[in-house]
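Notes to accompany the following structure.
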Amino acid sequence: MSSQPVPTARASGATVLPLPLTERRLAAIPDRPTGARGARSATVRLQLDAGPEAAYAARAAIAMLEGCAPRELLDDARLLASEVVTNAVRHAGAPAGSTVELEVAASADRVRVEVVDHGRGFTPRPRSADQSKGSGWGLHLVQRLASRWGVDGQPRPRVWFELESA
């Protein structure tokens, strides 16, 4: 993660600054019923070092949103964000020392995730029967679990998805 302190999350007017993961004390926030008075929504924005810890950092960031969306949506968001961030790190072809940007917005009935990298972009292709069974599942899972998703190439490659309560 970037050592530069930048605003990464807003909730009820508060700004949260990133701390090294070893200094974070994450605690679950009790869920509030949908439509409850004062229900929270929040957005987390992080710049992740494009390295082996990026997917872990993405999952930890989503943990900060506990209580802002149903647990099932946050669990699916953790899985899919981990897959998309891993793709950005492994397949983007970005220059050494690049970062991956993650933005996660959570509310009572929706979670939206965007992952932006410095790579060359790509056109998504359906999973084929001859692909390796050990890899290539990230966007397939996004397609299966997300309510909506897409890939934008400009101004930088961006994969986004939304998860909604049933």
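The values are calculated or read from the model by the stated rules, or taken from the named source; none is laboratory data. All of these numbers come straight from a predicted model, not from anything done at the bench. Quick reminder, even Gly has a Cβ in these numbers, built from the backbone with ideal geometry, and neighbours come from all protein chains shown.
Quick check on my filter: what residues within the stretch 74-102 are over 17 Å from Gly138 (Cα atoms) and either in contact with a strand residue (DSSP E or B) (Cβ under 6 Å, 6 or more places away or on another chain) or β-branched (Val, Ile, Thr) (or both)?
Correct list: Thr99, Glu101.
With a cut-off of at least 1 residues that are modelled with pLDDT of 90 or more and within 19 Å of Glu162 (Cβ to Cβ), name the strands (runs of 3 or more DSSP E) lying wholly within the stretch 1-114.
It comes to 42-49, 99-106.
Restricting to the stretch 53-78, name every residue that is in contact with a helix residue (DSSP H, G or I) (Cβ under 7 Å, 6 or more places away or on another chain) and of a type outside the set (Val, Ile, Thr).
Answer for the stretch 53-78, where residues must be in contact with a helix residue (DSSP H, G or I) (Cβ under 7 Å, 6 or more places away or on another chain) and of a type outside the set (Val, Ile, Thr): Ala54, Ala55, Ala57, Ala58, Arg59, Ala60, Leu65, Glu66, Leu74, Asp76, Ala77, Arg78.
Those residues that are part of a helix (DSSP H, G or I) and at pLDDT 75 or above, I need them from the stretch 115-166; list them, please.
Leu139, His140, Leu141, Val142, Gln143, Arg144, Leu145
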